[in-house]
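Asker: Before anything else, here's the structure in question.
Values in this text are rule-based calculations from the coordinates and carry no lab data. Everything quoted here is computed from the prediction, not taken from an experiment. Neighbour counts are summed over all protein chains in view; Cβ atoms, including those assigned to glycine, are modelled from backbone coordinates with ideal geometry.
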Amino acid sequence: MHPSTKREILRDPHLDLDVIRNGTWHRILTRLQSLADAKGAIVWDLSVDSTVCRAHQHAAGARKQGDLQKEPPGGIFTELPDHGLGRSRGGFTTKLHLAVEQGQKPMAIVITAGQRGDSPQFEPVLDKVRVPRLGPGRPHVRPNRVRADKAYASRKIRAY
């Protein structure tokens, strides 16, 4: 695909987050993981870590002129737990918790609010690792080894 065509696709106003919301992205990633696993291209030594993404100041959606806001401000609608937008000292942030294999292929991702800790998300990230077999058989869910930094150094995690 020509680079300018890619840019046009990304600018398409009809292409919005529906690709993520309806599960299309998840199905594509799962299929690619299955193909890579069948070829032996996945090294089942995983690394777990997180990174923080800072959201724009307008990410909360509030308007300066409250009368122009479509939905009532504050307190009436609660933030959904899967939105992953949280308050921290730097403003609004989102934290991405990733499990990647040594060939740098993403195996699982968990999105949380930015103020969430790393170690409580260790098991949820590893629980999301699931690569279906192309033929019959159960999906591959358990890595051979897991590597992580000091944020994951609790006894419970080491026993996992």
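Asker: Work out, step by step, the length gained on full extension between Val43 and Arg155: first 0.36 nm times the residue separation, then minus their alpha carbon distance; give nm to one decimal.
Answerer: 37.8 nm
Asker: Hey, another quick one. Report the calculated FRET efficiency for Cys53 and Arg133 (r = Cβ-Cβ distance, R0 = 22 Å), to the nearest 0.05.
Answerer: 0.10
Asker: Could you list log10 I(q)/I(0) for segment 85-159 at q = 0.11, 0.12, 0.17 Å⁻¹, which the Debye formula gives when each Cα is one point scatterer?
Answerer: For segment 85-159, the Cα-only Debye profile gives -0.35, -0.41, -0.74.
Asker: Which of the residue pairs Lys39/Lys95; Lys39/Lys156; Lys128/Lys156 have a Cα-Cα distance greater than 28 Å in the structure shown?
Answerer: Among Lys39/Lys95; Lys39/Lys156; Lys128/Lys156, the Cα-Cα distance tops 28 Å for Lys39/Lys95; Lys39/Lys156.
Asker: How much length is gained on full extension from Leu32 to Gln115, taking 0.36 nm per residue of separation minus their Cα-Cα distance?
Answerer: Stretched out fully, the Leu32 to Gln115 stretch lengthens by 26.7 nm.
Asker: Work from the charge dipole of segment 113-160 (Cβ charges, +1 for Lys and Arg, -1 for Asp and Glu, about the Cα centre) and give the residue of Gly117, Gly137, Tyr160 farthest towards its positive end.
Answerer: Farthest along the dipole direction, towards plus: Gly137.
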